[in-house]
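Chemist: Here you go, one structure.
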Amino acid sequence: MRIAAQSSIAAIGANRFKGNEFIMSEKQDFAELGEEEFRSLVRRFLAENYPETLRFPAKRLHFSDTKVWYLRLSERGWIAPNWPKEYGGMGLRPSQQVILIEEYERYGAARLNDQGLAMVGPLLIQNGTDAQRRKFLPKILSGEHIWCQGYSEPNAGSDLASLRTEAVDRGDHYIVNGQKIWCTLAYDANWIFLLARTDKEAKKQEGISFLLVDMATPGITVRPIINLEMNDEFCEVFFENVRVSKENLVGEPNKGWGIAKSLLGFERIHLGSPRQSSLALGQLGTLATRRGLWEDAAFRDRYARLSIDLEDLKALYETFVECVRRGQRLGPDVSILKVAQSELYQRITDAVLEFAGEEGGFLDPVKGNEPLNPGGLFIAARPTTIYGGSSEIQRNILAKQILELPS
Amino acid sequence: MNISATLNDRAETLRSIRDSVGALVPKAGNLQRIRSLRFTEMGFEPASLELMGKMGWISLTLPEDAGGMGLGLSELCAVCQELGAGLVPEPLIQANLSASLLAHCGASSLADDVVAGKRLITTAWQANADTLEIPVGADARRRYVPLARGADGFLLPVSRDGRVDLIYCGKDVVGVEAVPTQDGGHYGELQADATSGELIGTDIAGVLAESLDRATLATAAYLVGVMEAAFSLTLEYLKSRKQFGRPIGSFQALQHRCVDLYARVALSRAGLESAAQTWDAGAERRMRQAVVSRAKASASDNAMFVTRQAIQLHGAIGFTDEYDAGLYLRKAMVLAGQFGSARYHRQRFLTEGVSVASAA
């Protein structure tokens, strides 16, 4: 049954991509490539396919900017690195996924509108019905469906389980009312996955269901929020009597919390990648050259301190990556990376701002030979200790689950 | 604890080397022996140094054809980390430093005794504070020689005719003036006339610099061990100490600070291990110096941070000499500045490291 469903999905995928590229990628069994062989393949792939103008973007890009890259990845069969091959993914081994991420980061590849690829796809592969997999997976691969996430609410941030958006059971469908917030790039999305309360009597984690909702459904309003980067990355999404077919319920009713949590797998390691801190330290170096700070003893000591912190972070990150490479499941101790990375990133950007003098107050990048944007970098570092579980929440997790401190 | 396997997952040899340290370090953090040796004449037990020799730790990094174990710096660091956790005062790092110089110079009769831990011969390389700079003149005063009163003899690097030679002086021809250190040991200041000693080797500047780097990294490892032990002592205390009718570790303000200590320990440990691996993988000289410097700077700073916080999180009991928290703090105070302070190593890292590190 399951196998039949899988092959039919592959067939759908094949129908979508009639060009010979897809056939080529089907022939390509990535998992059989050695690590160095795969790394050079990725490098070649990026050099040949990645749009030069999108390298090292200063902010999170919209789908209108990244669409060309999304579609190219899709055509070439590279769009879903961690999905199994039978669902149209690359079927990479964990060690290859690590290489892919390393090379994308090194090349300065932009992050895509990847919620469908990173969240919905793996979720449906794990918990969805055959019908859901058939309906949604090929459209994620093709870029026809762009997803956003509806978890947080104005009164349910760190305490997410207290969420109040409700989905009332009306037989074959639900009626959804409520409000979601901090939905990244919801403006670009045509589908949203959300956590909604389906049982108000149950304990707070136990009355939540996981729903997939077409954003074109009547009663949905999206309002962008301008953040401190003067960017409209976040949105609010309002639901007013929105009808959602029960075909779009993932898993059992009232079991949505567990499903959402099961997604927090090794994706969490991304939040601890030293990339942001590395780039910021590069900016500090650029600033030092521009302002003649390399002979300044105070600057040198500060710079050395931050570089050494970065080297320690890279070494710690490497121990977790090694875990992933071996296919081990990460424990809650991975939270330490997120805390260390985001806080180091902020310490570096503090220094950038401090040593930039007046130029730290500029709204736009400073004119010069090398790209340099002290104020923008400082602002960009602010949300990293808040999103993806704030530093305070991460410390709670580490205190309880790793250090086993009492309640 | 539900820890991702890698955090504590090391190669099997490293594990067995670590386990072997149990021969000298009692389980459950019993520091009776360490306390009894504080502020004594020698500051350590010769029998324990001999045990270290028997275990092969002194010759761990010596090549096999020189009677050593032929192991790497990762292994030496693993031993030193465990010794640090047990606050073991026997000067393994000094003995290993001298053994590598003697082996290099082919001084096998002296080397055999040093490697066996039967004699302590300490290298008195330092003339100025907070530096790894050598050499010094034949008549220079040698300063900051750890546990000098327990040494049977000294190796004196001497700069002459544009090269560095190594001279051996027995303890009877060397005047030792000692100042006690916070950890219960002492530093000796030596009055020695190197011209009266025995010439052991010539042109040793390169091997001496390399040996000092190795000793520096081993000291960083010892400091990581110190912070690990101070952290677990503190963590246990937070779980057992009750105030306001509940364990103080249930308070969020303390939980978060405890996580900060945990993070510092994990970062320094990861940095140390990667530095040792880089060294063992045969990195070139400047890269080796850079990784040693970053590891020592990180270990010095973080050991001070963790042991200082250990006192604060214990409250008044932490300020008593009877309680062990202070022993870790005092050890960190001494070693943070030995073989170069964090400040010194940050400078050296920047001079040696940034160009190579950013090229990597």
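The values are calculated or read from the model by the stated rules, or taken from the named source; none is laboratory data. Fair warning: this is a prediction, and the values are worked out from it, not measured in the lab. No Cβ is skipped: glycine too gets one built from the backbone with ideal geometry, and neighbour counts run over all protein chains shown.
Chemist: Tally up the residues in the range A:369-402 that are surrounded by fewer than 20 Cβ atoms within 10 Å (Cβ to Cβ) and basic (Lys, Arg), please.
Modeler: The total comes to 2.
A quick yes/no check of all residues on (1) more than 7 Å from every other protein chain (Cβ to nearest Cβ); (2) in a loop (DSSP other than H, G, I, E, B):
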{"residue": "A:315", "(1), (2)": "no, no"}
{"residue": "A:329", "(1), (2)": "yes, yes"}
{"residue": "A:333", "(1), (2)": "no, no"}
{"residue": "A:336", "(1), (2)": "no, no"}
{"residue": "A:359", "(1), (2)": "yes, no"}
{"residue": "A:384", "(1), (2)": "yes, no"}
{"residue": "A:389", "(1), (2)": "yes, yes"}
{"residue": "A:393", "(1), (2)": "yes, no"}
{"residue": "A:401", "(1), (2)": "no, no"}
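Chemist: So, one more: For the range B:126-182, which positions are among the aromatic types (Phe, Trp, Tyr), touching a residue at least 40 places away in the same chain (Cβ under 8 Å) and over 18 Å from residue B:216 (Cα atoms)?
Modeler: Matches in the range B:126-182: B:168 only.
Chemist: Is it the case that some residue within the range B:243-250 is within 18 Å of the chain's Cα centre (by Cα) and either in a helix (DSSP H, G or I) or in contact (Cβ under 8 Å) with a residue 24 or more places away in the chain (or both)?
Modeler: No, there is no match, as no residue in the range B:243-250 is within 18 Å of the chain's Cα centre (by Cα) and either in a helix (DSSP H, G or I) or in contact (Cβ under 8 Å) with a residue 24 or more places away in the chain (or both).
Chemist: Let me ask something additional. Name the residue, out of B:336, B:281, B:299, that is among the hydrophobic types (A, V, I, L, M, F, W, C), more than 19 Å from residue B:38 (Cα to Cα), out of contact with any Cys (no Cβ under 6 Å at 6 or more places or on another chain) and touching a residue at least 60 places away in the same chain (Cβ under 8 Å).
Modeler: Values: B:336 fails: more than 19 Å from residue B:38 (Cα to Cα); B:281 fails: touching a residue at least 60 places away in the same chain (Cβ under 8 Å).
Answer to the check: B:299.
Chemist: Tell me whether the range B:99-109 contains one or more residues that are closer than 30 Å to residue B:324 by Cα, surrounded by 24 or more Cβ atoms within 10 Å (Cβ to Cβ) and modelled with pLDDT of 95 or more. Explain how you work it out, then say what you get.
Modeler: Here is the first cut: in the range B:99-109, the ones closer than 30 Å to residue B:324 by Cα are none.
No; the residues of the range B:99-109 include none that is closer than 30 Å to residue B:324 by Cα, surrounded by 24 or more Cβ atoms within 10 Å (Cβ to Cβ) and modelled with pLDDT of 95 or more.
Chemist: Hey, another quick one. Limited to the range B:310-330, what total is found for residues that are touching an Asp or Glu at 6+ places or on another chain (Cβ under 8 Å) and surrounded by 22 or more Cβ atoms within 10 Å (Cβ to Cβ)?
Modeler: Step one: of the range B:310-330, the residues touching an Asp or Glu at 6+ places or on another chain (Cβ under 8 Å) are B:327, B:330.
Cutting the leftovers down to surrounded by 22 or more Cβ atoms within 10 Å (Cβ to Cβ) gives us B:327.
So the answer is 1.
Chemist: Scan the range B:301-309 and give yes if some residue there is buried (at least 18 other Cβ atoms within 10 Å of the Cβ) and within 12 Å of another protein chain (Cβ to nearest Cβ), otherwise no.
Modeler: Within the range B:301-309 (the criterion being buried (at least 18 other Cβ atoms within 10 Å of the Cβ) and within 12 Å of another protein chain (Cβ to nearest Cβ)), the answer is yes, since at least one residue qualifies.
Chemist: In the range A:295-309, what residues are among the hydrophobic types (A, V, I, L, M, F, W, C) and buried (at least 22 other Cβ atoms within 10 Å of the Cβ)?
Modeler: Selection gives A:304, A:308.
Chemist: Please identify the pairs in which a residue from the range A:357-385 that is free of Cβ contacts under 8 Å to residues at least 40 places away in the same chain and within 14 Å of residue A:276 (Cα to Cα) has its Cβ atom under 6 Å from the Cβ atom of a residue that is crowded, with 16+ Cβ neighbours inside 10 Å and of a type outside the set (Gly, Ala, Ser), counting only partners at least 6 apart or on another chain.
Modeler: The qualifying pairs are A:378/A:349; A:378/A:353.
Let's see how each residue does on (1) within 23 Å of residue A:227 (Cα to Cα); (2) facing chain B (nearest Cβ under 9 Å); (3) crowded, with 19+ Cβ neighbours inside 10 Å; (4) not small (Gly, Ala, Ser):
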site: A:354; (1), (2), (3), (4): yes, no, no, yes
site: A:367; (1), (2), (3), (4): no, no, no, yes
site: A:404; (1), (2), (3), (4): no, yes, no, yes
site: A:407; (1), (2), (3), (4): no, yes, no, no
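Chemist: Restricting to the range B:275-286, give me the number of residues that are of a type in the set (D, E, K, R) and assigned to a loop (DSSP other than H, G, I, E, B).
Modeler: 1
Chemist: Same structure, new question: Just wondering, is there one or more residues in the range A:273-294 that are out of contact with any helix residue (DSSP H, G or I) (no Cβ under 7 Å at 6 or more places or on another chain), within 12 Å of chain B (Cβ to nearest Cβ), part of a loop (DSSP other than H, G, I, E, B) and buried (at least 17 other Cβ atoms within 10 Å of the Cβ)?
Modeler: No, the range A:273-294 contains no residue that is out of contact with any helix residue (DSSP H, G or I) (no Cβ under 7 Å at 6 or more places or on another chain), within 12 Å of chain B (Cβ to nearest Cβ), part of a loop (DSSP other than H, G, I, E, B) and buried (at least 17 other Cβ atoms within 10 Å of the Cβ).
Chemist: Scan the range A:298-313 and give yes if some residue there is out of contact with any Gly (no Cβ under 6 Å at 6 or more places or on another chain), at the interface with chain B (Cβ under 8 Å from one of its Cβ atoms) and either of a type in the set (S, T, N, Q) or within 15 Å of residue A:271 (Cα to Cα) (or both), otherwise no.
Modeler: For the range A:298-313, residues out of contact with any Gly (no Cβ under 6 Å at 6 or more places or on another chain), at the interface with chain B (Cβ under 8 Å from one of its Cβ atoms) and either of a type in the set (S, T, N, Q) or within 15 Å of residue A:271 (Cα to Cα) (or both): present.
Chemist: Would you check which residues across the range A:286-324 are without any contact (Cβ under 8 Å) to a residue 40 or more places away in the chain and touching an Asp or Glu at 6+ places or on another chain (Cβ under 9 Å) and list them?
Modeler: If the condition is that a residue be without any contact (Cβ under 8 Å) to a residue 40 or more places away in the chain and touching an Asp or Glu at 6+ places or on another chain (Cβ under 9 Å), then A:305, A:308, A:315, A:319, A:322, A:323 are the ones that fit.
Chemist: Which one of these is surrounded by fewer than 24 Cβ atoms within 10 Å (Cβ to Cβ) and at pLDDT below 95: B:127, B:116?
Modeler: None of the other options fit; the residue is B:127.
Chemist: Still on this model: Restricting to the range A:232-272, give me the number of residues that are on the phi > 0 side of the Ramachandran plot and either assigned to a loop (DSSP other than H, G, I, E, B) or of a type in the set (Lys, Arg) (or both). Walk me through it before giving the result.
Modeler: Restricting attention to the range A:232-272, the residues satisfying the condition of being on the phi > 0 side of the Ramachandran plot are A:241, A:251, A:254.
Right, trim to either assigned to a loop (DSSP other than H, G, I, E, B) or of a type in the set (Lys, Arg) (or both) and you get A:251, A:254.
Going through the range A:232-272 one residue at a time, the tally reaches 2.
Chemist: Name the helices (runs of 4 or more DSSP H) wholly within the range B:301-360 that hold at least 3 residues that are modelled with pLDDT under 95?
Modeler: Result: B:354-359.
Chemist: Give, as residue ranges, the helices (runs of 4 or more DSSP H) completely inside the range B:34-141 that count at least 1 residues that are touching a Phe, Trp or Tyr at 6+ places or on another chain (Cβ under 7 Å) and within 22 Å of residue B:228 (Cα to Cα).
Modeler: Passing ranges, in order: B:73-85, B:92-105.
Residue-by-condition table, conditions (1) assigned to a strand (DSSP E or B); (2) among the charged types (D, E, K, R); (3) in contact with a helix residue (DSSP H, G or I) (Cβ under 8 Å, 6 or more places away or on another chain); (4) more than 24 Å from residue B:340 (Cβ to Cβ):
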{"site": "B:159", "(1), (2), (3), (4)": "yes, no, no, no"}
{"site": "B:165", "(1), (2), (3), (4)": "yes, yes, no, no"}
{"site": "B:169", "(1), (2), (3), (4)": "yes, no, yes, yes"}
{"site": "B:179", "(1), (2), (3), (4)": "yes, no, no, no"}
{"site": "B:184", "(1), (2), (3), (4)": "no, no, yes, no"}
{"site": "B:188", "(1), (2), (3), (4)": "yes, no, yes, no"}
{"site": "B:195", "(1), (2), (3), (4)": "no, no, no, yes"}
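Chemist: Which condition number does residue B:94 fail, the rest of (1) of a type in the set (S, T, N, Q); (2) farther than 19 Å from residue B:216 by Cβ; (3) in contact with a Pro (Cβ under 7 Å, 6 or more places away or on another chain) being met?
Modeler: (2)
Chemist: For the range B:16-42, enumerate the residues that are out of contact with any Gly (no Cβ under 8 Å at 6 or more places or on another chain) and within 20 Å of residue B:76 (Cα to Cα).
Modeler: B:16, B:17, B:18, B:19, B:20, B:22, B:23
Chemist: Does at least one position in the range B:265-274 carry a residue that is within 12 Å of chain A (Cβ to nearest Cβ), under 26 Å from residue A:312 (Cα atoms), free of Cβ contacts under 8 Å to residues at least 12 places away in the same chain and part of a helix (DSSP H, G or I)?
Modeler: Yes; the residues of the range B:265-274 include at least one that is within 12 Å of chain A (Cβ to nearest Cβ), under 26 Å from residue A:312 (Cα atoms), free of Cβ contacts under 8 Å to residues at least 12 places away in the same chain and part of a helix (DSSP H, G or I).
Chemist: Does the range B:249-260 contain any residue that is in contact with a Gly (Cβ under 6 Å, 6 or more places away or on another chain), under 23 Å from residue B:306 (Cα atoms) and within 9 Å of chain A (Cβ to nearest Cβ)?
Modeler: As a first pass, look at the range B:249-260 and keep what is in contact with a Gly (Cβ under 6 Å, 6 or more places away or on another chain): none.
No - not one qualifying residue is present in the range B:249-260.
Chemist: Within the range B:171-207, count every residue that is surrounded by fewer than 20 Cβ atoms within 10 Å (Cβ to Cβ) and either of a type in the set (S, T, N, Q) or over 24 Å from the mean Cα position of the chain (by Cα) (or both).
Modeler: Final tally of qualifying residues: 12.
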